[in-house]
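What follows is a short report on a single structure.
The values are calculated or read from the model by the stated rules, or taken from the named source; none is laboratory data. What you see is a predicted model; the values in this text were computed from it and never measured. Cβ: placed from backbone, ideal geometry, glycine included. Neighbour counts: every protein chain shown.
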Amino acid sequence: MSSESADTTKPRVLVVDDSRVIRVAARKILKEEFEPLEAGDGEEAWELLSKNQDIALVLSDLSMPYLDGMGLLQRLRESKEERLSSMPMIIVTGAEDDDEAKTRAFAAGATDFLSKPFDSIQLLAHTRSHIRLQKTAQELKQTTEVLEKSPATDPFTGLGNQRAFLERGQQALAHAIRHGGELAMLLFQVDNFDKIFVQEGKAVGGAILKAVTAALQAEVRREDTAARISMARFGLVTCCADTDGANKLAMRICQRVAASPVKNKSGAPLHLTLSASLVSPSVNPETRFEPLLTIIVKRLERAIAQGNCVVSSDQDAAPVVTAATESPAAAPTVTPEPPVVAPVITPSNRYSAPGVEAALAMLARGDTADLGPYLDNLARTLLPLLQHWNKTGQRGLDDALNQIQAQLNNR
């Protein structure tokens, strides 16, 4: 037994053959790209495999003393160690090996076959291919393990994350179909959070997210799942709730947030509102999760465009009733609303303008007339971000940004 000097940057290949001539020939072909180890029989090969955790592939003859290639193959495939049981093994067959032996080797788990005498192109091509496949398989396995172990909890709020919301939604739907129950999913978006975050800073933004979290936790039951889906978007999956019950739940959560004692960086109370949407389908065996998700997202876009309302159908938008208009204890009335007409933005209601995400959605739908009154306020929202982008190395926007700033100052 011998080996070339260790080179940890090269994959290790174990060449097993009782012919020293074959081993030397294989070593000369492989040594430029791989680190070959050599064994004269299956027992010696098994000892090397047990000691060297980084062997990537076995190249073995079938006919050998002590432990032949078939015996070595069976030991590998029957090993309880996953590294060995999945080890690629190329069988090198000679003239003395008949078709039946090759068939048995293939059935026992041989990865590939080469015939003696092999040439350099053939040996390198087969070795490269199977080591590359093995490496890809290991990377996929590691990625799967990471995904399976990744937490389903949002670290900032302690609520579930997007993954938890989607998984719980699918589970709740399956349960409702199986047992004839009810299901409701709700989405909430903090109105104009991006603008508030830019103007008030990280601390105020964090306080807002905590306030929404507290409102959700105060209303959900043990069997419900509340989640933070993105920066300022939250979701709720609840069982045993029809449309009316889910609507009232959404209203209560919006009212709690509106009553939250969050203050801006100057210490003044910050008026917070949520836009919300819900879907509570009549569940049947044909109900599918993905269409429900599409519906609730589109309804949330409508709610965001109007602001401070709950959209529970494709026609109605219910304004949230707060202490400023009616006692929070009073049940909110859900009445059909006319098509949304964008209000004129003034200093007193500037936070009622849609966020960038909602504006883009309106633009995609062709609602350019409704978007018009918002444009100045949206430009004020985006301007600090563009200025920061320009300042951090992407030069060339100075004149354009100055012109935008001047136009906004004149309005």
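Listed values, structure above:
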quantity: Enumerated helices (runs of 4 or more DSSP H) restricted to the stretch 1-86, each holding at least 1 residues that are closer than 19 Å to Leu123 by Cβ; calculated: 20-30, 42-51, 69-78
quantity: Residue that is among the polar types (S, T, N, Q) and not assigned by TED's automatic domain parsing to the domain that holds Gly307, where the choices are Gln189, Gln217, Gln142; calculated: Gln142
quantity: Meets criteria (touching a helix residue (DSSP H, G or I) at 6+ places or on another chain (Cβ under 7 Å) and small (Gly, Ala, Ser)) for Ser260; calculated: yes
quantity: Close pairs (6 angstrom Cβ cut-off, 6 or more residues apart or separate chains): more than 17 Å from Glu182 (Cα to Cα) in the stretch 264-293, of a type in the set (Phe, Trp, Tyr) anywhere; calculated: Leu274/Phe188; Ala276/Phe188
quantity: Qualifying residue in the stretch 91-100 (condition: assigned to a helix (DSSP H, G or I) and modelled with pLDDT under 95); calculated: yes
quantity: Qualifying residue in the stretch 215-224 (condition: touching a strand residue (DSSP E or B) at 6+ places or on another chain (Cβ under 8 Å) and crowded, with 19+ Cβ neighbours inside 10 Å); calculated: yes
quantity: Residue tally, condition surrounded by 22 or more Cβ atoms within 10 Å (Cβ to Cβ) and either of a type in the set (Lys, Arg) or not assigned by TED's automatic domain parsing to the domain that holds Lys135 (or both), over the stretch 24-52; calculated: 0
quantity: Ala241 being of a type in the set (A, V, I, L, M, F, W, C), assigned to a loop (DSSP other than H, G, I, E, B) and either in contact with a Gly (Cβ under 6 Å, 6 or more places away or on another chain) or crowded, with 21+ Cβ neighbours inside 10 Å (or both); calculated: yes
